[in-house]
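Below: one structure, written as structure tokens.
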Amino acid sequence: MTTASSQQPQSGAERPVLTNRQGHAVFDNQNQRTIGARGPATLENYQFLEKISHFDRERIPERVVHARGATAFGFFEAYGTVGDEPISTYTRAKLFQEKGKRTDVAVRFSTVAGGRDSSEVARDPRGFAVKFYTEDGNWDLVGNNLGVFFIRDAIKFPDFIHSQKPDPVTFERQDPNRAFDFLSQTPESLHMVTLVFSPRGIPAGYRTQQGFGVNTYKWVNAQGDTKLVKYHWMPKLGVRSLTAEDAANIQATDLGSHTRDLYEAIERGEYPEWELSVQLMDDDEHPELDFDPLDDTKVWPEERFPLRKVGRMVLDRAPENFFLENEQIAFGTGVLVDGLDFSDDKMLVGRTFSYSDTQRYRVGPNYLQLPVNAPRAKVATNQRDGQMAYGVDLADGQNPHVNYEPSILGGLREAEHPTHDEQGPVITGRLTRKRIPRTNDYQQAGERYLLSEQWERDDLVANLVDALGQCDRPIQERMVWHLLMAEDELGLRVGEGLGINPDDVGHLEPLPTQVLSDEERARLANLGKNGPRDVAGREMTHCVPNERVVVERCRAVRRPAARRSRPTAAPPRTSRRRRPASTGARARCPHPRCCARRGPSTGPWPPGS
Ligand code: HEM
């Protein structure tokens, strides 16, 4: 017997009936089963207990990093060529071979440090993870929007992330003093710092950010010959970024601005598009270079290793259910298809263990049976059972009694290797724990500063002064020392903002873990007086135009007002483009007294602090 209220509104026969997960019809979804109308409740209250206990388990652990993100779906279309050469010269990966061939993709964009509901305009690298559902199984390209990373050895990742997360005692916020405590002792992070603290550290939206594989991979052709490869995604809309001030104005009222922008654009039929290019290098150590090509704190100079286009990607579908397709999607750097391979990049090897390890914990050991993660290619394994097993990976005609290999009783067999099983250069060495010899931690950081647009440089300096202004003096001094080692002007400007000049830090010895090159020792002897680095002819990854989207906050309205001038096509690439501080008129507020109007130099870090 149920109360009258539970019957409303009256259902027609066409409305589907509510059931529980056992398929039992639910007769009353408003009242527990009780003894009399006032209780007590009974323990055999199956429907109530099932409902509430499932609710109690609705969350899975959020990702330990990249918890905040948004997934969208679409396709990758191959050009069949790499630049103007047939792509088969370098890789046999089937998805690339044929002009116009389309492969379904899922892409998840994310921030790194914040929790699942954190602000999407935080200063942070953005994850750019692409899952290609190819005929040969899945390929995941798990990258970011900045092209490099803070560290080059995977063993430092947990320390790095701990330093970026809130204080374990107070858990108040991301704390610059802790973040720069780590960064100031990690000189290889300097290149990434010059990007994250520039406007590129706050993309205006997921649709207008670049993407990079960051780590170095290999391509393998039909003969088994290998090349080193780096991947670049360029947004068709061009690159747009925010200052800390713009970001603060957005997150005052909106934490999910990037997800909303992405899904609304797809709903309007404005499908975001990126072009994929690669850089190729012979597969060896390249002793002629002043950096190690496998070092993920470096970009490869584009004037020597030009970008070659290989295809385009379009996103035309938002998830039907955010949890199923965003929270449960699982990417990993180990997920490659034939024709693609790993390099010996020490970060890549460490990452490759970490991703599927965390997903077995976060989603469960059978996470690859979930539709969003399962390959479109037929799966036939001898893996069985485990929590939440959804099916048995049987091949057509396979003897279901044989879940082992080898067998002559109708079990699975091994595939034929497409070529010989030995590839790449011969590697010799003794077991050791050593950093790579060509660290060169300052050059690209300095070049990056010089090749940035003027408004980016000004914003970078302002953001560093703001963040370091919240740090202890020894941390400030070491950071100014590093910045001077990178580029005089950068170090002098940040130093000026902090009240630290080169004489204050000239006495500092290199860090105990640092081995300076002859050139670096010469810079140190002349700290702050080395003159600008020579960047003539240098084409650096990221030195593409970056448009500021100016956002002002009007407290009289709920939503931030964003103005952007929309380019109709991707702007031309240039290595040294200069722009004035702001590319468009600011949005005019009808309520002048209530708008936030601070200059970028006072923009907080972390935003909102
Ligand atoms: C040794 C270094 C690294 C380790 C150990 C590591 C580990 C992890 C872990 C544990 C996750 C969570 C995965 C999940 O729960 O599904 C993750 C996510 C992610 N990482 Fe890393 N990571 C490393 C470096 C990097 C680098 C260098 C990049 C960029 C090039 C990167 C890009 C990403 C992205 C995009 C995600 C989010 C994937 C998604 O959207 O589900 N990581 N990483």
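Each value in this text was obtained by applying a stated rule to the coordinates, not by laboratory testing. Since the model is a prediction, treat every value here as computed from it, not as a measurement. Note: ideal-geometry Cβ built from the backbone for every residue, glycine included; neighbour counts use all protein chains shown.
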Given axes a ≥ b ≥ c from the Cα gyration tensor, I'd like to know whether the range 371-420 is rounded (a/c under 1.5), prolate (a/b larger than b/c) or oblate. oblate
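Quote the FRET efficiency, to the nearest 0.05, computed for I35 versus E496 with a Förster distance R0 of 60 Å and r equal to the Cβ-Cβ distance. Kindly include the intermediate steps, with their values, before the conclusion.
Working: r = 77 Å, r/R0 = 1.29.
That pair, I35 with E496, gives E of 0.20.
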Loop-located GluC sites (Glu not before Pro) in the range 46-111, at most 10 other Cβ atoms within 10 Å (DSSP): E58
Please identify the chymotrypsin sites (Phe, Trp or Tyr not before Pro) of the range 139-215 that satisfy two criteria: DSSP loop assignment and at most 13 other Cβ atoms within 10 Å. Which are they? F171
In deg cm²/dmol, rounded to the nearest 500, the helical mean residue ellipticity at 222 nm of the chain, built from -39500 (n - 2.57) for every DSSP H run of length 4 or more, is -6500 deg cm²/dmol
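Given a cut-off of under 8 Å on Cα pairs at least six residues apart, what relative contact order in percent is computed for the chain? Walk me through the numbers on the way to the answer.
Working: 1169 pairs, mean separation 102.0, N = 609.
RCO, the chain: 17 percent.
How many Å³ per residue does the convex hull of the Cα positions in the chain occupy? Mind showing how you got there, number by number?
Details: hull volume 137.5 nm³, N = 609.
Per residue, the Cα convex hull of the chain comes to 226 Å³.
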Among 426-434, 14-22, 387-395, 238-246, what's the highest-first ranking by average C-beta atoms within 10 angstrom per residue? 238-246, 387-395, 14-22, 426-434
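Find how much the distance from T419 to R317 grows on full extension, using 0.36 nm per residue of separation minus their present alpha carbon separation; answer in nm with one decimal. Before the final figure, lay out each step's value.
On the way: separation 102, 0.36 × 102 = 36.72 nm, distance 3.78 nm.
32.9 nm is the gain from fully extending T419 to R317.
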The range 448-495-the range 27-46 distance, computed between alpha-carbon centres (Å): 65 Å
In whole Å, what is the distance between the alpha-carbon centres of the range 166-184 and the range 424-443? 31 Å
Work out how much length R362 to R430 would gain on full extension: take 0.36 nm times their residue separation and subtract the Cα-Cα distance, in nm to one decimal. 20.8 nm
Bounding extents of the range 69-369 in its principal axis frame from Cα atoms, largest first in Å, are 57, 48, 41
Could you compute the FRET efficiency for D518 and T170, with r as their C-beta to C-beta distance and R0 at 41 Å, rounded to 0.05? 0.35
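Could you calculate the FRET efficiency of I408 with K378 from 1/(1 + (r/R0)^6), where r is the beta carbon distance between them and R0 is 30 Å, rounded to 0.05? Don't skip to the end; give the middle numbers.
Numbers: r = 22 Å, r/R0 = 0.74.
The calculated FRET efficiency here is 0.85.
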Please list, or write none, the aspartates and glutamates whose alpha carbon is within less than 13 Å of the alpha carbon of K434, excluding same-chain residues fewer than 8 places away. D153
Flagged as over-length at 32 Å C-alpha distance, from K165/K309; K309/K346; K156/K236, the pairs are K165/K309; K156/K236
Report the one residue of P287, G334, A395 whose Cα lies farthest in the direction of the positive end of the charge dipole of the range 265-396 (charges on C-beta: Lys and Arg +1, Asp and Glu -1; origin at the Cα centre). A395
With just the Cα atoms defining each centre, how far is the range 356-379 from the range 254-301? Give it in Å. 25 Å
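Counting only DSSP beta bridges with both residues in the chain, what percent are antiparallel, rounded to the nearest 5?
Close to 95 percent.
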Stretch gain in nm, segment E303-D84, where the contour uses 0.36 nm per residue and the Cα spacing is subtracted: 77.1 nm
